[in-house]
1. For the range 185-200, state whether one or more residues are touching a Phe, Trp or Tyr at 6+ places or on another chain (Cβ under 6 Å) and part of a helix (DSSP H, G or I).
2. Regarding SER350, is this residue surrounded by fewer than 12 Cβ atoms within 10 Å (Cβ to Cβ), part of a helix (DSSP H, G or I), at pLDDT below 90 and assigned by TED's automatic domain parsing to the domain that holds LEU136?
3. Name, by its number, the condition in (1) within 19 Å of VAL412 (Cα to Cα); (2) assigned to a loop (DSSP other than H, G, I, E, B) that does not hold for TRP82.
4. Answer yes or no: is there a residue in the range 184-192 that is more than 18 Å from PRO102 (Cβ to Cβ) and surrounded by fewer than 19 Cβ atoms within 10 Å (Cβ to Cβ).
5. Taking the range 366-393, which residues are in contact with a strand residue (DSSP E or B) (Cβ under 9 Å, 6 or more places away or on another chain), outside any loop (DSSP other than H, G, I, E, B) and closer than 19 Å to ASP138 by Cα?
6. What is the residue count in the range 86-100 for residues that are touching a residue at least 40 places away in the same chain (Cβ under 8 Å) and in a loop (DSSP other than H, G, I, E, B)?
7. Testing CYS363 on (1) in contact with a Phe, Trp or Tyr (Cβ under 8 Å, 6 or more places away or on another chain); (2) part of a loop (DSSP other than H, G, I, E, B), one condition comes back false. Which one is that?
Amino acid sequence: MSSFNGDSMDDFKGLRITQLDDDDNEEEAPMDPIHVDEFDDDDEEDDEDCEPVILGFVESPRFAWSKLRQLFPNLAGGVPAWLDPVNVPSGKSILCDICEEPLQFVLQLYAPITDKESAFHRTLFLFMCPSMSCLLRDQHEQWKRAPEKVMRSMKVFRCQLPRVNPFYSSEAPKHDGTDKPLGLGAPLCTWCGTWKGDKVCSGCKNARYCSPKHQALHWRVGHKTECQQLRAVLETSDSGLVDNGVSLTQQQKVASKSLWKEFVLVNEDESEYDTEMSEDDEVAKPLVSVREVDDQMKSLMKDFEGDADKNSWVNFQQRVAKAPEQVLRYCRSSGAKPLWPIASGRVSKSEIPNCKSCGGPRCFEFQVMPQLLFFFGGNNDRESLDWATIVVYTCENSCESSSSYKEEFVWVQLYSQTT
């Protein structure tokens, strides 16, 4: 799998995110990574910034093994592949601060930093509550401008490891289905497959849960019967049952049917979409030309003159139209800034809290586009999730601390009523 940071180590430049097939013996082809260092003030226009941007697209996985942690995957939906499989986040950090339900996995990006040994492996994990009412409350909380007291329905964690570590070989993966991790991971929740299963079913002593809520859900949808059967087997077995402690050489079966559809993320340089197709290109003939789209956008911008939100929306649409299925934009290079869909509801430098671990500044790293909701199968009713963009800021120094998973800062922008 390829990293999303262009600074990945030479030995890992072949790591790539690709779609996988049913043939477990077919090798993945390598893919290029990315990079971002600074955030911008929201007074600056960023629709034409010159920083290189990597676009993320979703594809269905071809191979089951492509999603396993030892391949350092880039994923969206389904369950995470924890980089540190033992010291998984727990306690209140895994809950929506508003409804206190466990958060659901959105995506993860492998983004190592070349010149930092402690970040030879580095992955970012994004989670959110699937409730739109919680997201609306989250948006309201953001505007209190007191980050230390804000209640969040969306959280992002950063985890990093040196090249020599207890979990992985120091050699690059072969990507042929034979790669194995060094040891076991913590048992995960039988229901969501996401968080540490530190609570055990008192009946069968086999099912594990991250919360009483997920235990209750599993009981109602069938574990009540399954538990009785497992207890009967346990009583007649000399060795007992093996729990779902996770080797992660294969993916744990998850009981929940409400997780978002599972994808791998593939990355492409945005510059690849900047060149117009030749007029002789048969594929391009039926499509509207870029020049024609530009003329239409200029006309719309003239109509929207004086309306900052609508003007910003047109700029956003014009940029995204080059690759309309993009679900993510990544750029950790100096001067990189997010592409804001609307003018209102943007965050400024002064509103981005410093890193909780080292006290240093945070910088823009990536943003999630609303197109991801389409692939996740979102509905159009009032209770369904909806956002303009989700922007993630991480510690500029990618600092180390005693905690394996450090919470970073995520800003959600919802659509204005004027767009």
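The values are calculated or read from the model by the stated rules, or taken from the named source; none is laboratory data. Remember, predicted model here, so these are calculated numbers, not experimental data. We place every Cβ from the backbone using ideal geometry, glycine too, and count neighbours over all the protein chains shown.
1. For the range 185-200, residues touching a Phe, Trp or Tyr at 6+ places or on another chain (Cβ under 6 Å) and part of a helix (DSSP H, G or I): absent.
2. Yes: the conditions hold for SER350.
3. (1)
4. Yes, that holds for at least one residue.
5. Result: GLN367, VAL368, THR389, ILE390, VAL391, VAL392, TYR393.
6. 9
7. With (1) in contact with a Phe, Trp or Tyr (Cβ under 8 Å, 6 or more places away or on another chain); (2) part of a loop (DSSP other than H, G, I, E, B) applied to CYS363, the lone miss is (2).
Quick grid of which residues meet (1) free of Cβ contacts under 8 Å to residues at least 24 places away in the same chain; (2) surrounded by 19 or more Cβ atoms within 10 Å (Cβ to Cβ); (3) within 18 Å of THR123 (Cβ to Cβ):
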{"site": "ILE54", "(1), (2), (3)": "no, yes, yes"}
{"site": "ALA64", "(1), (2), (3)": "no, no, no"}
{"site": "PHE72", "(1), (2), (3)": "no, yes, yes"}
{"site": "ALA76", "(1), (2), (3)": "no, yes, yes"}
{"site": "ALA81", "(1), (2), (3)": "no, yes, yes"}
{"site": "ASP84", "(1), (2), (3)": "no, yes, yes"}
{"site": "PRO102", "(1), (2), (3)": "no, yes, no"}
{"site": "PHE105", "(1), (2), (3)": "no, yes, yes"}
{"site": "GLN108", "(1), (2), (3)": "no, yes, yes"}
